[in-house]
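The structure appears below as structure tokens.
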């Protein structure tokens, strides 16, 4: 992004305080704002970042599903049946 030119950014998601995704159509840069931290990405890097987070989310769901199943199996097998 050229610091001498004022670009108009478009907010794609989030809120102004905690977390947001902004896009600058003039230079094609995405900004991910997390509190006081700002990460800037070009289109390819943003897509890779998004894919990485999506995979992490998918794996976390799988881990939680397995953990919940194990808890249910332990609960079901505890104690006497008859």
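Run down 16, 26 and say which single residue is in a loop (DSSP other than H, G, I, E, B) and modelled with pLDDT of 90 or more.
26
Considering the stretch 38-53, the residues that are free of Cβ contacts under 8 Å to residues at least 12 places away in the same chain and in contact with a strand residue (DSSP E or B) (Cβ under 7 Å, 6 or more places away or on another chain) include one that is nearest to residue 16 (Cα to Cα), namely 38.
The values are calculated or read from the model by the stated rules, or taken from the named source; none is laboratory data. What you see is a predicted model; the values in this text were computed from it and never measured. Positions of Cβ are generated from backbone atoms using ideal geometry, with glycine treated the same way; all protein chains shown enter the neighbour counts.
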